[in-house]
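Engineer: I'd like to ask some things about the structure below.
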Amino acid sequence: MKWLRSDPMPTPELRILMVCMGNICRSPTAEAVLRAKLQRVGLHGRVVVDSAGTHGFHAGEAPDPRAIRHGAERGYDLASLRARPVQEADFSQFHWLLAMDADNLEWLRRKAPDSASARLELLMSQAPRLAAEPYVPDPYYGAPAGFERVLDLVEDACDGWVARLSQGLATSPKSDGHKA
């Protein structure tokens, strides 16, 4: 379940924020996939995953119905998620802000305050099988196959992130989040 900004921030060892433009297709998909994969390996209590958009024009909205449907077909629950914009506090409350593409990554770099402690990376930086594809394309204006492609890319990248996080958390019983 996605925590709300008015709720106290959970205190896990690691916090990851998935970021795309509107927070209704790619980043909520990545949030749901990574949560499910962390659950499967028993790390769900040690890592919090959230998502946000670089633009707030969908704030409060559920993910795109196509993203919800395609995710559900693969066993991921996106229906309860709600879009929100990236906030300045995210740069210090999260250990990683993972962008879906170069435009979102550049936006994060421009908006990061001097006091930011979060690492800014592309989600696809950890993709073990599809590493030749650096970005998760926006499926919003395309055919249904675009949502399947997003899931393929996100699942691969999240497998890599789970491996990286598992290794980092295994080396330290109480990680500061910057070793993984």
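The values are calculated or read from the model by the stated rules, or taken from the named source; none is laboratory data. Here the structure is a predicted model, which is why all the values come from computation and not from measurement. When we count neighbours, we look across all protein chains shown, and the Cβ atoms used for this are built from the backbone with ideal geometry, even at glycine.
Engineer: Step by step: first the residues of region 116-136, then only those that are touching a residue at least 40 places away in the same chain (Cβ under 8 Å) and surrounded by 15 or more Cβ atoms within 10 Å (Cβ to Cβ), then the one that is nearest to Arg15 (Cα to Cα). Which residue is that?
Structural biologist: Step by step, filter region 116-136, then rank; the result is Ala118.
Engineer: Further question on the same structure: Would you mind stating whether Ser27 is polar (S, T, N, Q), modelled with pLDDT of 95 or more and in a loop (DSSP other than H, G, I, E, B)? So that I can check it myself, show each step before the final result.
Structural biologist: Working: polar (S, T, N, Q): yes; modelled with pLDDT of 95 or more: yes; in a loop (DSSP other than H, G, I, E, B): no.
So Ser27 does not fit the description; no.
Every residue, every condition in (1) surrounded by fewer than 24 Cβ atoms within 10 Å (Cβ to Cβ); (2) at pLDDT 95 or above; (3) in contact with a Leu (Cβ under 6 Å, 6 or more places away or on another chain); (4) not hydroxyl-bearing (Ser, Thr, Tyr), yes or no:
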site: Ser6; (1), (2), (3), (4): yes, no, no, no
site: Glu13; (1), (2), (3), (4): yes, no, no, yes
site: Asn23; (1), (2), (3), (4): no, yes, no, yes
site: Val33; (1), (2), (3), (4): no, yes, no, yes
site: Gly71; (1), (2), (3), (4): no, yes, yes, yes
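Engineer: Identify all residues within region 46-72 that are of a type in the set (Gly, Ala, Ser) and more than 14 Å from the chain's Cα centre (by Cα); write none if there are none.
Structural biologist: Keep residues of region 46-72 that are of a type in the set (Gly, Ala, Ser), which gives 51-53, 56, 59-60, 62, 67, 71-72.
Within region 46-72, Gly56, Ala59, Gly60, Ala62, Ala67, Gly71, Ala72 meet the criteria.
Engineer: Six or more apart or on different chains, Cβ atoms under 6 Å: show the pairs whose first residue is in region 90-111 and modelled with pLDDT of 95 or more and whose second is buried (at least 20 other Cβ atoms within 10 Å of the Cβ) and among the hydroxyl-bearing types (Ser, Thr, Tyr).
Structural biologist: Listed pairs, sorted by first residue: Asn104/Thr54; Trp107/Thr54.
Engineer: Could you go through region 161-176 and let me know if any residue there is of a type in the set (Val, Ile, Thr), over 20 Å from Met21 (Cα atoms) and assigned to a helix (DSSP H, G or I).
Structural biologist: yes
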